[in-house]
1. Say each of TYR144 and LEU103 gets a label point 7 Å from the Cα, pointing the same way as Cα to Cβ; how far apart are those two points in nm?
2. Within straight cross-link reach of LYS50, meaning Cα distance under 19 Å, which aspartates and glutamates are found once same-chain residues fewer than 8 apart are removed?
3. Report ³J(HN,Hα) in whole Hz for each residue of region 117-128, in order, from the Karplus equation J = 6.51 cos²θ - 1.76 cosθ + 1.60 where θ = phi - 60°; Gly and Pro get x.
4. At 0.36 nm per residue, minus the direct Cα-Cα distance, what do VAL152 and ALA67 gain on full extension? Give it in nm, one decimal, please.
5. Once the mean 1/r over all distinct Cα pairs of region 1-113 is inverted, what Kirkwood radius in angstroms do you read off?
6. With runs of 4+ DSSP H residues as the only contributors, calculate the mean residue ellipticity of the chain at 222 nm using -39,500 (n - 2.57) per run, divided by the residue total and rounded to the nearest 500.
7. I need the calculated FRET efficiency for the pair ASN91 and LYS50, taking r as the beta carbon distance and R₀ as 30 Å, to the nearest 0.05.
8. Please give every one of the aspartates and glutamates within straight-line cross-link reach of LYS154, meaning a C-alpha to C-alpha distance under 14 Å, and leave out same-chain neighbours fewer than 8 residues apart.
Amino acid sequence: MSKVAIIMGSISDMPVMQDAIDILKQFNVDVEVDIVSAHRTPEKLFDFSKNAHNRGISVIIAGAGGAAHLPGMVASMSPLPVIGVPVKSSNSIDGWDSVLSILQMPGGVPVATVALNGAKNAGILAAQIIGSHDKKVLDTIISYKEELKAAVNKAAEGLKK
């Protein structure tokens with residue numbers, strides 16, 4: 001079974017990253033969660049990045065605020081797809097520094113970037129990546145999208161009454 005690693009630079013990122021954990025659990029995707037600071041635990045960052053694929057991880061979601069080096073540094077060392085979640089943190093410039101730090105990666109080091117505090121979408125994207133080769137996860141994604149469609153149609157019908 002495929003597994004998604006969700007890492008963050010600080011425990012203060014957990015309220016945002018919880019949305020990725022929750023949606024992946026809803027999709028029955030195994031999740032591993034850890035704190036890996038690019039600046040405070042660089043040795044752990046190197047070990048995690050270089051070995052995640054050997055531990056059954058298929059996709060990495062990395063959330064970070066402020067300078068937000070975590071997703072890019074992981075992507076520079078890992079062969080796995082990395083999804084960056086910019087986090088509006090106490091040390092960020094309204095979150096824009098995080099968005100730009102994750103979004104503006106150099107050629108050869110891609111990081112898929114979701115919206116500021118967009119961990120739910122990061123989880124959905126990770127599940128879609130896994131679903132490209134796991135029919136069970138794909139079927140769960142299809143069902144989820146049908147539920148979204150039904151909710152919109154129900155709300156639209158409510159407006160007509």
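The values are calculated or read from the model by the stated rules, or taken from the named source; none is laboratory data. Just so you know, these numbers come straight off a predicted model, no measurement behind them. A quick note on method: Cβ atoms are made from the backbone with ideal geometry, for glycine too, and the neighbour counts reach across all protein chains shown. Ligands, DNA and RNA are excluded from the accessible area calculation, which covers all protein heavy atoms including side chains. Shrake-Rupley method; radii C 1.70, N 1.55, O 1.52, S 1.80 Å.
1. 2.4 nm
2. The reachable aspartates and glutamates, counting only those whose Cα sits under 19 Å from LYS50, are GLU32, ASP34.
3. Taking θ as phi minus 60°, the curve returns 6, x, 5, 4, 5, 4, x, 5, 4, 4, 5, 5 Hz for region 117-128.
4. 26.9 nm
5. 13.7 Å
6. -15500 deg cm²/dmol
7. Details: r = 28 Å, r/R0 = 0.92.
My answer for the efficiency is 0.60.
8. LYS154 reaches GLU146.
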